[in-house]
Structure formats: structure tokens, C-alpha cells
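**Q** Here's a structure for you.
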Amino acid sequence: MDFSSKLLENAVNEVSRLPGIGKRTALRLVLHLLKQPKENTTYLVEALTDLRKEVKSCEKCFNISDTVLCEICNNPSRNSEIVCVVEDIRDVMAIESTRQYRGLYHVLGGKISPIEGVGPQNLQIDTLVNKVEKGEVKELIFALSSTIEGDTTNFYIYKQIEKYNILASTIARGISVGDELEYADEVTLGRSIVNRIPFTQSIKS
């Protein structure tokens, strides 16, 4: 791809680093920005700069937050004794959109995947087990995607908390095997949360 401007080329190269965006798509986006009023681009740059500078990880659930504790953890109407274990913020957003869940979350930051070099020590698993040890949790809901990595992560965590007297459940299999939560429709995902089953039953099945 030949560029008439080095500045244009640099911008396209940077945008194309984003996941799912190739050089042609990046070029289309950059040219679109050039056609917009300059202040629009300034707003975009400022929003991204503020995001990198100010965004935090919630000290309690590790969700992305503007403050030390996210709005969900800070909400007194949420049931703090029920914790839904998810992979990342996209899963939190997907479940919240169903308006069927009123507990808290625990964001692991990924799934155990030896092929990708991700082990339990790379995830927020110890902090989750620590919550259980302190007696803060009455029920854990495993809401990871139904993939080999998701099931492996669920089972690993279950073995860590098995000796404690808490309920461990998993979302019902209204979500197809191999599907990611963020792509599930709200009705199906909502029903899967409401109709969750004991984790031991999911192992047997």
C-alpha cells in the first residue's frame, strides 16, 4: 500500500494494530477522521488519553472502574454474598444487560490456557479464594465460556474452594458449547443465570 503522506502512513499503521482491523480498514477509519471537524479528532484523542491515565481496576472485583471501587461493588442494594466469576469486563457488561443478576462479580482477567502460557498465577484466582476463605461469599457462580479453557478454569477454582462450605454453581447450558458470553442474546443469558445449576452436576454431565 503506497502512501502519499508519511503522517497518514503512521496513523494507518497504528490503527491497524487494533484487533480485527487490517490495513484497508485502518485506512478507511483514518480518512474518515480526516474528513471530520478537527475538534472531533481532538475529543477522540482526549477520551483515549484520559482512559489510559485515569482508568482503574476495582480493588474488590477487578472490574474496570473510574474509582477505587466500581459502581457495582459500591451499590448497597447488590447481594455481596453471591459472586459471579467471569473472564473480563465484556462478560460483566453482557450479564448486567440482562438485569437478572443482583450479586457482585470477580473478574479473573482471562482463562487458564497452557498453550498461551496463561496459568493460575496469571489470573485473579488467589484473590477469589481469599474472599471465600474470609467467609465473604455464600455462592460462587461460574460464568466462564463453555470452552476447554473455561471448563479447566472452573474446575481448578472449584478444587481450591471445595473444602469451604459454600455453594458453587454454573450458568445453565442455554449458552452453546464454545460460545463466549458477550455474544449471547440477553434473554438466553438471563435465563442461564437464573436457572444456574450446582457445579458438581455440570461435571457429571
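**Q** If each DSSP helix of 4+ residues adds -39,500 (n - 2.57) and the sum is divided by the residues in the chain, what number results at 222 nm, nearest 500 deg cm²/dmol?
**A** It lands at -12500 deg cm²/dmol.
**Q** Using Cα-Cα distances under 8 Å and only pairs 6 or more residues apart, what relative contact order does the range 3-72 have, in percent?
**A** Once normalised by length, the contact order is 14 percent.
**Q** Counting only the backbone N, which residues of the range 53-74 are under 15 Å from the spot 7 Å out from the Cα of Gln160 toward its beta-carbon?
**A** Output list for this probe position: 61-62.
**Q** Mind giving me the nanometre distance, one decimal, between the label points for Lys23 and Glu39, set 7 Å out from Cα along Cα→Cβ?
**A** Result for the modelled spin labels: 3.6 nm.
**Q** Still on this structure: Distance cut-off 21 Å, Cα to Cα: go down the list Lys56/Lys159; Lys23/Lys111; Lys56/Lys138; Lys134/Lys163; Lys60/Lys111 and report the pairs above it.
**A** Over 21 Å apart, Cα to Cα: Lys56/Lys159; Lys23/Lys111; Lys56/Lys138.
**Q** Short version: ³J(HN,Hα) in whole Hz for each residue of the range 81-90, in order, from phi by Karplus 6.51 cos²θ - 1.76 cosθ + 1.60 (θ = phi - 60°), x for Gly and Pro, what are they?
**A** Ordered by residue, 3J(HN,Hα) equals 8, 10, 10, 9, 8, 10, 7, 8, 4, 4 Hz.
**Q** Further question: What are the ³J(HN,Hα) couplings of the range 113-122, residue after residue, when phi is run through the Karplus curve with 6.51, -1.76, 1.60 and θ = phi - 60°? Round to Hz, x for glycine and proline.
**A** Per-residue couplings from phi come out as 8, x, 4, 8, x, 9, x, x, 5, 8 Hz.
Every number here is computed from the coordinates shown, using simple stated rules; none is lab data. Note that the structure is predicted; figures quoted are calculated from it, not measured. Glycine also receives a Cβ, built like all others from the backbone with ideal geometry; neighbour counts cover every protein chain displayed.
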